[in-house]
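Trainee: Before anything else, here's the structure in question.
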């Protein structure tokens, strides 16, 4: 009688041992991301008062390299940690917030969930747009495996004499798709040196890195926070090119050689980004 | 699942086969609830401006558990609302609804539960699901549980399900599936010859496995990660010894920075107790033992196992300033506690005797060396590190010496004196990077004076002295109680030793409460200092705030 139960217990444990997958080295998978034409948009929601944000910024940059350049990064400074004079500290005088960034932050709920976090092509995972850095790679990976549904071509003409940019955005879809699609065009800037809270000594000084280099900082959009329709017919046609040119005079704080034009096309109904592109303002 | 459960519950409620009278007389409904509301206001001294509050003036956390029983059958639900969550709680809690729903049938020999349930195997090293309201923590398993006791002294348990992750529904393997089995045998009950033995022995073992699909593009992830544990509890006269060892196979995760080292945890405790004297000692070692049902999650959620703390848990205001949070990636330490009751009518004990307790605990980092010649310690995609099992690392996370004396002077007057020394690695435990280790001395006097049989006055005086962090603090509290209904408390914590004159802040609070049978209502106004609150080594941040808080709780 008792022996029977002991056998039962041993059997169950034996079965449990089978529920183990021991992984042998090498543990790192090498996946080739260089074959493909889809680019993924990584929006890194950040703020100069957020101690963990430099780590997320490094991760975004690493992912761009791992993805063979098939990632477009926007650092969106918004929410509590991005406030100028953060915690009444004049060291954090800089204001990197933007109207569009604030609106996106409110809509997608990023800063309310605690920075750093981000959006990956603005896809929803587990009922939430907000994706924490540790999940960025696994959310981006399947998106990069699919062929691009659209291509964006950016042509810039920057007039140095009057600090004015004229940028031409062409969007070409790879199939007929029903739905409303919009393009957002924005400016990002690299190499802005300004204090940043930081808790990772491998990245920079802690707890405040006063010479931190902010990259991909969203400076503003050229066509509103939510962009403009590429087509008003409720559908887009394969191989048809939708084109528009935008002009903007750069404020003095926008250093043209450090700036990029970023454009991305998205489905208005679910906000998901189909394709993103970026190019230096001076290219 | 929820629909199926509702149908079961409804069928029991309305089935015409049941005779209404007997049904009603045998049915019982019990429950408990708590509503916590906060109203926030701006406070310049705390750096809280209207623009920071930004219209979010209210926070509300509430729950109600309702349990229905009819003979061997019971069913229950738990409603929760966080509208929005009180500051410091995980924002993912935002929302409301039926968080848990379950039905259970239990006899002397077996019990089956479907829906959400809480379970613990042994000390929890391989599996523990629980809810802790003050942390906003709930890792309930949703699925099925079977408990079977074939004969007295043997308990077999099996669980299968997925864990709660805030309000996110399980779908498409968006988190792991957990299955577990536990067996416990009490030899004194099983073998007749041992039933009267002075040696009491219980043995137990558990196996838990989680399945999660490989969603990580960079690392080869094990889809099935299993953990095993063995344990015993041995009582010999006034001595008691218990131990548990757990082992987990490779489980790369965001918590351990995707290393492939197997995990291990070991606890051993021994105690001796006799009239007036209790001695307790415990040793603990944890090495890479975070075990979650989603390898990408780093927040306080989806823990399959639990690593019991061994540091004295302090409740006095200033003593709770530096609470220890369990370090699942590695910690090694011990605790020794001695409780002695100085006899009544002795020279020191006086008429009523005197309680003395001394508690010393220390927790270090484990000793680590690089896993091989080409990798650094903790490098992702490697075995992580090598570590000698019993070797203490040089880094001290926490050291705590607490000496407490309880003394009753006469029928009306009693007091508690407490001295605490703490060493606290605030950079590691609270993430205050670059800040030096805190050395703090804390003294507490707690006195109660009974004015009448129902009215009592209690007051506390506390001091915390440290050169690090925010410097010295003083605190005082006075509480007037009219039992069994009323209490009123006024307290202040003053950071008089802060290096920055604008941060020498009084954190004052005033509260009063009313209790009627099992219902309690309490209203508090004042400042909350920034800090960390921990329960069982699991912690959450508490931001500074100013405002009103209202708590209503009860059971029926």
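We did not get these values from a lab; they are worked out from the coordinates using the rules stated. Owing to the predicted nature of the structure, the values given are computational and were not obtained by experimental measurement. Note that we place each Cβ from the backbone using ideal geometry, even for glycine, and neighbour counts take in every protein chain shown.
Trainee: In whole Å and largest first, what semi-axes does the C-alpha gyration tensor of segment B:333-416 yield when each eigenvalue is scaled by 5 and square-rooted?
Mentor: 49, 11, 7
Trainee: Let me ask something additional. Only counting other Cβ atoms within 10 Å, I'd like B:540, B:164, B:91 sorted with the fewest neighbours first.
Mentor: B:91, B:540, B:164
Trainee: Here's something else I'd like to know. Estimate the FRET efficiency between residue A:8 and residue B:273 by the formula 1/(1 + (r/R0)^6), using the beta-carbon distance for r and 41 Å for R0, to the nearest 0.05.
Mentor: Computed FRET efficiency for residue A:8 and residue B:273: 0.65.
Trainee: Need one number for segment A:153-283: average projected area of the convex hull over its C-alpha atoms, nm².
Mentor: So the mean shadow area of the Cα hull is 9.6 nm².
Trainee: Over all directions, how big on average is the projection of the convex hull of the alpha-carbon atoms in the protein assembly as shown, in square nanometres?
Mentor: 42.6 nm²
Trainee: Could you work out the Kirkwood radius for segment B:403-523, taking every pair of different alpha carbons, averaging 1/r and inverting it, reported in Å?
Mentor: After inverting the pairwise mean of 1/r, the radius is 16.6 Å.
Trainee: With contacts defined as alpha carbon pairs under 8 Å and 6 or more residues apart, what's the relative contact order of segment A:35-280 in percent?
Mentor: Worked out over segment A:35-280, it gives 25 percent.
Trainee: Label segment B:399-449 by shape, choosing from rounded, prolate and oblate, from the square roots a ≥ b ≥ c of the eigenvalues of the Cα gyration tensor; if a/c is under 1.5 it is rounded, and otherwise prolate applies when a/b is larger than b/c, oblate when it is not.
Mentor: prolate
Trainee: Using only Cα atoms, what Kirkwood radius does segment B:67-139 have, in angstroms?
Mentor: Final number for the Kirkwood radius of segment B:67-139 is 14.2 Å.
Trainee: Could I ask something else about it? Can you give me the P(r) profile for chain B? Cα pairs, bins 10 angstrom wide beginning at 0, each as a whole percent.
Mentor: P(r) for chain B, in whole percents per bin: 3, 14, 22, 27, 23, 9, 2, 0.
Trainee: Rounded to the nearest 500 deg cm²/dmol, what is the calculated helix-only ellipticity per residue at 222 nm for chain A, with -39500 (n - 2.57) per DSSP H run of length n ≥ 4?
Mentor: -6000 deg cm²/dmol
Trainee: So for segment B:492-544, considering every pair of alpha-carbon atoms, how many percent are separated by more than 18 Å?
Mentor: It works out to 55 percent of all Cα pairs.
Trainee: In µm²/s, what is D for chain A at 4 °C and 1.567 mPa s, where D = kT/(6 pi eta Rh) by Stokes-Einstein and Rh is the Kirkwood radius from Cα pairs?
Mentor: 63 µm²/s
Trainee: Suppose the chain between residue B:201 and residue B:149 were pulled fully straight at 0.36 nm per residue; how much longer would it get relative to their current alpha carbon spacing?
Mentor: 17.0 nm
Trainee: If you average the C-alpha positions of segment B:480-556 and of segment B:63-131 separately, how far apart do those two centres end up, in angstrom?
Mentor: 27 Å
Trainee: Kirkwood Rh and Cα-based Rg: tell me the resulting Rg over Rh for segment B:65-206, rounded to two decimals.
Mentor: 1.06
Trainee: Which translational diffusion coefficient, to the nearest whole µm²/s, is obtained for segment B:134-290 from the Stokes-Einstein equation, given a Kirkwood hydrodynamic radius over C-alpha pairs, 25 °C and 0.890 mPa s?
Mentor: After rounding, the answer is 133 µm²/s.
Trainee: Could you give the distance between the Cα centres of segment B:204-224 and segment A:63-80, to the whole Å?
Mentor: After rounding, the separation between the Cα centres reads 29 Å.
Trainee: For Cα pairs less than 8 Å apart in space and 6+ apart in sequence, what is the mean separation divided by the residue count of chain B, i.e. the relative contact order in percent?
Mentor: Answer for chain B is 10 percent.
Trainee: Does segment A:97-152 come out rounded, prolate or oblate by the C-alpha gyration tensor, with a ≥ b ≥ c the root eigenvalues, rounded set by a/c under 1.5 and, if not, prolate when a/b is larger than b/c and oblate if not?
Mentor: It is oblate, given that a/c is not under 1.5 and a/b is not larger than b/c.
Trainee: To the nearest 0.05, how large is the calculated FRET efficiency for residue A:35 and residue B:454 if R₀ is 60 Å and r is the Cβ-Cβ distance?
Mentor: About 0.15, to the nearest 0.05.
Trainee: Same structure, new question: If you rank B:342, B:190 by fewest surrounding Cβ atoms within 10 Å, what's the result?
Mentor: Listed from fewest to most nearby Cβ atoms, that is B:190, B:342.
Trainee: Same structure again: Give me the mean projected area, in nm² to one decimal, of the convex hull enclosing the Cα positions of segment B:234-375.
Mentor: 12.2 nm²
Trainee: Also, quick follow-up: Please give the contour-minus-distance gain from residue B:320 to residue B:416: 0.36 nm per residue of separation, less the Cα-Cα distance, rounded to one decimal in nm.
Mentor: Full extension from residue B:320 to residue B:416 adds 32.9 nm.
Trainee: Using all alpha carbons of segment A:34-117, what is the percent of pairwise distances in each 10 Å bin, ordered from the shortest bin to the longest?
Mentor: 18, 44, 28, 9, 1
Trainee: How do B:33, B:63 rank when sorted from fewest to most other Cβ atoms within 10 Å of their own Cβ?
Mentor: Ordered from fewest to most neighbouring Cβ atoms within 10 Å, B:33, B:63 come out as B:33, B:63.
Trainee: With N set to the number of residues, divide the alpha-carbon radius of gyration of segment A:191-261 by 2.2 N^0.38 Å and report two decimals.
Mentor: For segment A:191-261, the normalised Cα radius of gyration is 1.70.
Trainee: Per residue Cα convex hull volume for segment B:176-238, in cubic angstrom?
Mentor: Roughly 91 Å³ of hull volume per residue.
Trainee: Measure nothing fancy, just the Cα-based angle from helix A:2-17's long axis to the longest principal axis of chain A, in degrees from 0 to 90, nearest 10.
Mentor: So the inclination is approximately 30 degrees.
Trainee: Find the centroid of the Cα atoms in segment B:341-415 and in segment A:97-123, then give the distance between the two in whole Å.
Mentor: Measuring centre to centre over Cα atoms gives 43 Å.
Trainee: So what are the three principal axis dimensions of segment B:324-478 from its Cα atoms, in whole Å, longest to shortest?
Mentor: 73, 34, 26
Trainee: Related question: Per-residue ellipticity at 222 nm for chain B, helices alone: DSSP H runs ≥ 4 residues times -39500 (n - 2.57), over residue total, nearest 500 deg cm²/dmol?
Mentor: That comes out to -1500 deg cm²/dmol.
Trainee: Rounded, prolate or oblate, given the Cα gyration tensor of segment B:367-435, with a/c below 1.5 counting as rounded?
Mentor: Judged from the Cα gyration tensor, segment B:367-435 comes out prolate (a/c at least 1.5, a/b above b/c).
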